[in-house]
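Following: one structure in structure tokens, then a few remarks.
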């Protein structure tokens, strides 16, 4: 592509496999707007617009809604890194499940032959089952009871494929970006901070369904185990406490 290459809406729609109507809608809601005008006043898409289109389509394939995609891109989340983290998490889960599959296949074979499985095999299966989830899930279990964990599970199931991305990738990234703004000295009343807080609260409602007990448990997990919840093993507790106060100020301002 040349440096000054641009695309009219019809051309970009045909190239991307979308409809002109879809691109017009995305322009109207501010998700993807052509950023250049011709001398005659016609709007055209630039190379940066096309890059954003690719990012939108990539995140859409994860099952995210248009509102989530817009927020993700507008707050500066890097889709390439986030998808890489998503892939790493999926591969880790696959490895854990494969280990569990092998242990269960061995136990099944023993039982099918009317032989009692070795106690070590049973213990190994239990350990594998217990370690199949990410660190944040283990942390949540220490702050929520079984019914509350079930509520989170049911809400996540209802969200479908987007659930993993929202909880394990976008949510921690929002907190990391908020902490970066705090340490940079940005006032909590700044629009970019309030936008991050709005998205955090939106995600909280998605997964807790407005259950105050579940919300309190999740906040407790973030408060006491920020390293596990954020995916950052270096996250100090005192920094998290400062961040919590910072975000509360942003909420009060809103």
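Checked against (1) modelled with pLDDT of 85 or more; (2) in a helix (DSSP H, G or I); (3) surrounded by 13 or more Cβ atoms within 10 Å (Cβ to Cβ), residue 186 meets all criteria but (2). When 116, 121 are checked against the criterion of being part of a helix (DSSP H, G or I) and at pLDDT below 75, a single residue qualifies: 121. Taking segment 204-224 as the range and being farther than 16 Å from residue 243 by Cβ and either in a helix (DSSP H, G or I) or in contact with a helix residue (DSSP H, G or I) (Cβ under 8 Å, 6 or more places away or on another chain) (or both) as the test, the residues that pass are 205, 206, 207, 208, 209, 211, 212, 213, 214, 215, 216, 217.
Figure legend. Inter-residue proximity from segment 84-112: first residues assigned by TED's automatic domain parsing to the domain that holds residue 169 and surrounded by 12 or more Cβ atoms within 10 Å (Cβ to Cβ), second residues part of a helix (DSSP H, G or I) and modelled with pLDDT of 70 or more, beta-carbon distance below 6 Å, spacing 6+ or different chains. Indicated pairs: 85/169; 86/165; 86/169.
Scanning for something surrounded by 17 or more Cβ atoms within 10 Å (Cβ to Cβ), over 15 Å from the mean Cα position of the chain (by Cα) and assigned to a helix (DSSP H, G or I), does segment 54-66 turn up at least one residue?
No, the conditions are met nowhere in segment 54-66.
Scanning segment 129-164 for residues that are modelled with pLDDT of 80 or more, more than 30 Å from residue 57 (Cβ to Cβ) and under 18 Å from the mean Cα position of the chain (by Cα) yields one hit, 140.
The values are calculated or read from the model by the stated rules, or taken from the named source; none is laboratory data. This is a predicted model, so every value here is computed, not measured. Methodologically, a virtual Cβ is constructed for each residue, glycine included, from the backbone with ideal geometry; neighbour enumeration extends over all protein chains shown.
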